[in-house]
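Below is one structure, written out as structure tokens; the observations come after it.
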Amino acid sequence: MFSVRNMLAVARRELAGYFATPVAVVFIVIFLVLQGVLTFNLGNFFDRDQADLTPFFSFLPWVFLLLVPAITMRLWAEERRLGTIELLLTLPLRQSEAVIGKFLAAWAFCAVALALTFPFWITVNILGQPDNGVIACGYLGALLVAGSFLAVGAAMSAATKNQVIGFVLGLAVCFAFAVASYPLVTDFISRGSPALATFARRISVGERFVNFTRGVIELRDLIYFASFIGFFLFLNTVIIEHRKAD
């Protein structure tokens with residue numbers, strides 16, 4: 001039977017591991033600096049004369065695209081390289097508990113990084129009267145995008161012993177889902193199959209995230225993200241089961 005206690009034990013172990021090394025600080029600093037530069041410089045935050053976080057959210061998925069695979073590349077690849085995965089899987093816990101536990105730890109870490117962007121929210125409230133409900137929806141969408149990319153990256157990490165390969169695979173798959181709805185992509189696909197172009201738009205992470213940045217939370221979008229994360233966590237479990245003897 002699936003044990004929540006075992007899952008949380010794995011999550012606590014992994015989360016503590018992030019903050020036991022300088023990796024956590026380096027990631028958070030890079031994340032905040034990138035978001036600051038992109039939002040205030042490239043995003044023309046002050047020149048727009050609008051009290052909202054549209055520039056912040058428009059760049060956020062791309063920053064996650066670069067940094068999230070860097071978090072996940074070690075989740076399973078390092079365990080397999082060091083041979084500690086055998087020890088982990090011989091403990092009295094299910095593989096699904098280990099998979100979800102590691103994922104939740106990485107997701108909690110990303111949530112901490114997002115929470116530390118609160119100065120952006122404070123700034124926009126000082127400068128004007130933004131719709132904080134829309135901003136809250138944007139943050140929820142950002143957390144779901146991070147979770148989606150983390151699930152993909154974790155599955156790709158499980159497929160290899162090499163962290164660099166895990167990073168590249170995670171980056172490539174996440175990029176595909178991020179740009180699937182872009183006109184350049186859909187127009188190209190529609191030349192061969194309009195139905196496939198429509199499908200590409202529907203599975204795009206970026207397309208779903210836009211609704212959240214507009215303050216719109218639809219059940220179909222929540223189901224999409226839940227299904228997306230669930231599928232890649234299941235794939236992660238299958239890969240570990242298939243390759244645990246390697």
Filtering segment 22-55 for residues that are closer than 27 Å to Ala108 by Cβ, in contact (Cβ under 8 Å) with a residue 60 or more places away in the chain and in a loop (DSSP other than H, G, I, E, B) leaves a count of 1
Hits in segment 216-246 (condition: small (Gly, Ala, Ser) and either at pLDDT 90 or above or assigned to a helix (DSSP H, G or I) (or both))
Ala226, Ser227, Gly230
Residues located in segment 126-157, provided they are more than 23 Å from Val63 (Cα to Cα) and surrounded by 23 or more Cβ atoms within 10 Å (Cβ to Cβ)
none
Sort out which residues of segment 129-157 are among the β-branched types (Val, Ile, Thr) and either out of contact with any Cys (no Cβ under 9 Å at 6 or more places or on another chain) or under 16 Å from Phe118 (Cβ atoms) (or both), and write them in order of number.
Val134, Ile135, Val145
Scanning segment 87-118 residue by residue, the ones that are modelled with pLDDT under 85 and either crowded, with 22+ Cβ neighbours inside 10 Å or not in a helix (DSSP H, G or I) (or both) total 4
Determine which member of the set Val37, Val68, Val33 is farther than 17 Å from Ile135 by Cα and buried (at least 19 other Cβ atoms within 10 Å of the Cβ).
Val68
Can Val173 be described as farther than 22 Å from Thr39 by Cβ, surrounded by fewer than 18 Cβ atoms within 10 Å (Cβ to Cβ) and not hydroxyl-bearing (Ser, Thr, Tyr)?
yes
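The values are calculated or read from the model by the stated rules, or taken from the named source; none is laboratory data. Computed from a predicted model, the values in this text were never measured in an experiment. So basically every Cβ, Gly included, is an ideal-geometry build from the backbone, and we count neighbours across all protein chains shown.
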